[in-house]
1. Inspect the range 12-30 for any residue being under 17 Å from residue 146 (Cβ atoms), of a type outside the set (Asp, Glu) and in contact with a His (Cβ under 8 Å, 6 or more places away or on another chain) and give the result as yes or no.
2. Does residue 49 satisfy being part of a helix (DSSP H, G or I) and under 14 Å from the mean Cα position of the chain (by Cα)?
3. Would it be correct to say that residue 36 is surrounded by 13 or more Cβ atoms within 10 Å (Cβ to Cβ) and assigned to a helix (DSSP H, G or I)?
4. Tell me which residues, restricted to the range 1-20, are free of Cβ contacts under 8 Å to residues at least 12 places away in the same chain and surrounded by 11 or more Cβ atoms within 10 Å (Cβ to Cβ).
Amino acid sequence: QLDVLDQSHPQARAESYYLLLAHDAATLRERNGVFNGINAEGYGLSSRLKALATLAVSRINGSRYCAATVAQELQDEGLVQALFAELPQGLAYTEDSVKLAVMRTAAELTRAPEKFTPQSVQPLFNSGLDQAQALEVILTVALYAWENRLRQTLGDAEPAQTAL
């Protein structure tokens, strides 16, 4: 358990999120692999689109901490401000088909994962994303939706100081 904590995050031994997951070291190890794979560069989806998916999920889940953490990666102050106001404003802010598809897919998967179907992915393909990029959107959304909910339950959702 201590080994996997040390491999997880520099502050893992002090964060309730990691301490809880360390009770099942294999689960934490798998989570770390998924997290590292999603956040690696050069595997299809740009870091900005990953940040956009994460920001949309975090706003829906009410995790201002996570939203503020990824907002700077998006590098689009207007879109960030619109999303911080509410998701519909974020959707109205841009006409970029890829950004719209990512936000809509993030919203659908976060709000009703049990209703997510192969047809739910079609807007990503229609916007020009390939299969690997669409999978990265889905994995990013799923991971951060789960992490936001777990962190909030543990009380780890303190609002971050942000310039927004």
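Nothing in this text is a laboratory measurement; each read-out follows from the coordinates by a stated rule. These numbers come from a predicted model, not from an experiment. Here the Cβ positions follow ideal geometry from the backbone for every residue, glycine too, while neighbour counts run over all protein chains shown.
1. Among the residues of the range 12-30, at least one is under 17 Å from residue 146 (Cβ atoms), of a type outside the set (Asp, Glu) and in contact with a His (Cβ under 8 Å, 6 or more places away or on another chain), which makes the answer yes.
2. Taking the combined requirement at face value, the residue satisfies it.
3. no
4. Hits for the range 1-20 are 6, 9, 12, 13.
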